[in-house]
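Coordinate-derived values only; no laboratory data. If you're wondering where the values come from, they're calculated on a predicted model, not measured in any experiment. Here the Cβ positions follow ideal geometry from the backbone for every residue, glycine too, while neighbour counts run over all protein chains shown.
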Ligand code: 5RP
């Protein structure tokens, strides 16, 4: 049983006729977008806002109508994956590098539903390196300031000789903290550093987390 597919398809049950839907990024969100594509093909009317260029491409392939923020006031429901989920439903996101658009979309949503397989559940955030999107200008000084928060940083590469560039033209520093005990403090400290565009901590944002298990079970956390 594909746990990611299970969670993704379960979340899509909440999508209703006429909704504006935020489309997440990654291998779990992929299944939600695929399911939405099927429903649209069968006559469901929705409009969607993708959280990355890759999801935009997928949505276009599936004939899911897209809208921009200038055309809507609010997103009804966003469905997206996560890299880590703690017991209070705080998240690390950005493994795929889409954290900035993901956070803008989630923040603009009436309901933010996270989908994942059980491997994403943790007691404390931070084993997964925290992605931080930074401007190329001032990279070295921004990096030093981030390291002062007691973490090691690695500039994300797309391959051996190329720096990873986000959909917004920025870089990602993957930050290795020992453990993130208070995500809201680290979140604020990071975003106060000039040069930091956004960080991958999603604190107090997920209303619901749907976990898929390989044996076919589903768990809903709220
Ligand atoms: C992309 C993300 C993804 O949602 C996160 O990395 C989880 O991905 P996957 O579902 O492939 O495990 O935040 O920026």
By count of other Cβ within 10 Å, fewest leading, how are 79, 60 ordered?
60, 79
How many percent of DSSP beta bridges within the chain run antiparallel, rounded to 5?
55
Between region 55-81 and region 125-193, how many Å separate their Cα centres?
27
Convert 20 °C to kelvin, take the viscosity as 1.002 mPa s, use the Kirkwood radius over C-alpha pairs of region 99-213 as Rh, and evaluate the Stokes-Einstein diffusion coefficient in µm²/s, rounded to a whole number.
142
Going by how many other Cβ atoms sit within 10 Å of their own, how do 91, 66 line up, fewest first?
66, 91
Could you put 163, 180 in order, starting from the residue whose Cβ has the fewest other Cβ atoms within 10 Å?
163, 180
Against the globular-protein guess of 2.2 N^0.38 Å, express the Cα radius of gyration of region 20-86 as a ratio, rounded to two decimals.
1.06
Which three extents, in whole angstrom, do the alpha-carbon atoms of the chain cover along their principal axes, largest first?
52, 37, 35
